There are 2 protein chains.
Amino acid sequence: MANPQDRYAIIVEKFRKKSLKLTPQRLAIAKILALSKGHPSVEEIFEQLKKTFSTMSLATVYRNVLLLKSFGEVLELSFPDGSNRYDGNRPYPHPHVICIKCGAIVDPALDALKDLTHLVAKETGFQILTHRFDFFGICRRCQNSDKK
Amino acid sequence: MANPQDRYAIIVEKFRKKSLKLTPQRLAIAKILALSKGHPSVEEIFEQLKKTFSTMSLATVYRNVLLLKSFGEVLELSFPDGSNRYDGNRPYPHPHVICIKCGAIVDPALDALKDLTHLVAKETGFQILTHRFDFFGICRRCQNSDKK
DNA sequence: TTCTTAAAAGATAATAGTTATTATTTATTA
DNA sequence: TAATAAATAATAACTATTATCTTTTAAGAA
C-alpha cells in the first residue's frame, strides 16, 4: 500500500496544477480516497463526510470522484451487482479479492500477471491497454462466522 | 467454443425439466445465446428478434436472460460503462479480451489461470468461488483502421 | 380437438444509481 | 477587500433494469 500522505499530496498537487479550487469538501474526499484501505463506495464517502459537512451533497462526491477518475488518480471498481467502489491509494489496475458475504476487498500480490498480458497480446493480436482481475469468494472471517 | 446445437439442446432440456413453457420467444432467445459468438447485449438480442416477432417486448428478453443466468446457463459480463453482454455458449468464468473501440469480445486460451486461483486462495485465506478476468485493448482490425 | 389453467408475453410503471442543471456560495487573485 | 470564475447544494433528468398488471398462449386433460 502506498503511503496515504504521499498519495494525498499527489492528488492535491494535481488539482493545483489544473487551477482547480481546493475546497474543504474536495480535499476531504481526496483524503478519504488516498487512504482508501477499504475501497469505499460513493455512498460511504458521503456518509462519512456528512458528519463534518452538514450540507454535504451526494452530487459533490460523485463530481469529485469522476474528476479524480479522469485524472487517473482513482481506480473505479464496478461490480456485477451495479455497485462501484474506489481506490485512490493504488489507482492503477491490480487484482482484487472480494468477499461476497461482507464485501471486503483485499489486494493480493500476484506478480504473474505481467506475463499473462504479454501472452494474451501475442495470442489475440490485441494491443492490451489495461485489465481487470477479480477473484470472488469468502474471506476467512466470514468462513468462521458461518460455522457457528 | 462449444457446439451451439449442443448448448441449445442443453438449455431447452433445462426449461423442460423445470416444467417451464417452451414459447417461441423463449426458444429464440435461447438459440441466440447458445450461439453467442459475439457476446450479445440484451438490446442486440431484442433488435434481432423484433424482425421475427413483431410484438417482441424488451422485458421478455430481460426476463429470460435473468432466468438463464439463475440456471447457470448464461454468463453475464457487466462492464464499467454499465453495459452488459452475455455468453450462453460458455457459461462458466473464463477470460475475455475486449476491444475498447468496436466492442468486440474474444475468448483467449489461458490455462495458467487455475494456478493463480490456488495461489490467491493460499495467500489471502479466501475460499475462492469464481473470478473475472478481462483484458482491455484495441483489436487488430481497429489498429489497422486507425492508421488510415 | 377443445377446454382449462398456470405461466409467459407485452406494455408500461417503478426503481436506483448516476449525471445534468441551476441558483447560491466560496476560493482565489489582483 | 472586491471581483469573478468555479464549486457546492439541491433537485431534476436520465438510463438500464426490474416489477406490475392485463392479455395471450403452451401444455396437459377430457
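The values are calculated or read from the model by the stated rules, or taken from the named source; none is laboratory data. Keep in mind the model is a prediction, meaning the values are calculated, not measured. Because the Cβ atoms are built from the backbone with ideal geometry, glycine has one as well, and the counts that use them run over all protein chains shown. Ligands, DNA and RNA are stripped out before the accessible areas are found, and what is left, the full protein with its side chains, is counted by its heavy atoms. Shrake-Rupley method; radii C 1.70, N 1.55, O 1.52, S 1.80 Å.
When the stretch A:87-108 is limited to residues that are away from DNA strand D (no atom under 16 Å from the Cβ) and touching a helix residue (DSSP H, G or I) at 6+ places or on another chain (Cβ under 7 Å), the one that is most open to solvent (accessible area, probe 1.4 Å) turns out to be A:Lys101. Checked against the criterion of being aromatic (Phe, Trp, Tyr) and within 22 Å of A:Phe135 (Cβ to Cβ), the stretch A:55-74 contains not a single residue that satisfies it. Taking each residue of the stretch B:113-126 that is at the interface with another protein chain (Cβ under 8 Å from one of its Cβ atoms) and looking for partners that are open to solvent by 30 Å² or more (accessible area, probe 1.4 Å) and in a helix (DSSP H, G or I) with beta-carbon atoms closer than 6 Å, six or more apart or interchain, yields B:Gly125/A:Arg140. Once the stretch A:33-54 is narrowed to residues that are open to solvent by less than 20 Å² (accessible area, probe 1.4 Å) and aliphatic (A, V, I, L, M), the residue that is farthest from A:Ile105 (Cα to Cα) is A:Leu49. The set of residues from the stretch B:1-45 being under 11 Å from B:Asn89 (Cα atoms) and either within 14 Å of chain A (Cβ to nearest Cβ) or within 16 Å of DNA strand C (Cβ to nearest atom) (or both) comprises B:Tyr8, B:Ile11, B:Ala30, B:Lys31, B:Ile32, B:Leu33, B:Ala34. Take the stretch B:13-27 and flag every residue that is within 14 Å of B:Ile45 (Cα to Cα) and of a type in the set (D, E, K, R). Once the filter is applied, which keeps residues that are within 14 Å of B:Ile45 (Cα to Cα) and of a type in the set (D, E, K, R), the stretch B:13-27 yields only B:Arg26.
Suppose the filter is open to solvent by 30 Å² or more (accessible area, probe 1.4 Å) and among the acidic types (Asp, Glu); does B:Asp6 pass it?
Details: open to solvent by 30 Å² or more (accessible area, probe 1.4 Å): yes; among the acidic types (Asp, Glu): yes.
Against the criterion (open to solvent by 30 Å² or more (accessible area, probe 1.4 Å) and among the acidic types (Asp, Glu)), B:Asp6 qualifies.
One residue stands out in the stretch A:55-75 among those that are of a type outside the set (A, V, I, L, M, F, W, C) and within 11 Å of DNA strand C (Cβ to nearest atom): the one that is most open to solvent (accessible area, probe 1.4 Å), namely A:Arg63. Would you confirm whether any residue within the stretch B:18-25 is surrounded by 15 or more Cβ atoms within 10 Å (Cβ to Cβ) and touching a helix residue (DSSP H, G or I) at 6+ places or on another chain (Cβ under 9 Å)? Checked against the condition, which is being surrounded by 15 or more Cβ atoms within 10 Å (Cβ to Cβ) and touching a helix residue (DSSP H, G or I) at 6+ places or on another chain (Cβ under 9 Å), the stretch B:18-25 yields at least one hit.
Got at least one residue in the stretch B:70-85 being in the same structural domain as B:Arg7 (by TED's automatic domain parsing), in a helix (DSSP H, G or I) and within 16 Å of DNA strand D (Cβ to nearest atom)? Yes; the residues of the stretch B:70-85 include at least one that is in the same structural domain as B:Arg7 (by TED's automatic domain parsing), in a helix (DSSP H, G or I) and within 16 Å of DNA strand D (Cβ to nearest atom). Listed conditions (1) of a type in the set (A, V, I, L, M); (2) open to solvent by less than 80 Å² (accessible area, probe 1.4 Å); (3) away from DNA strand D (no atom under 16 Å from the Cβ) are all met by A:Ala30, apart from (3).
Pick out, from the stretch A:1-53, the helices (runs of 4 or more DSSP H) lying fully within it that include 1 or more residues that are without any contact (Cβ under 8 Å) to a residue 60 or more places away in the chain and under 13 Å from the mean Cα position of the chain (by Cα). Helices (runs of 4 or more DSSP H) meeting the threshold: A:24-35, A:42-50. Against the condition modelled with pLDDT under 95 and surrounded by 19 or more Cβ atoms within 10 Å (Cβ to Cβ), how does B:Ser83 come out, does it pass? Against the criterion (modelled with pLDDT under 95 and surrounded by 19 or more Cβ atoms within 10 Å (Cβ to Cβ)), B:Ser83 does not qualify.
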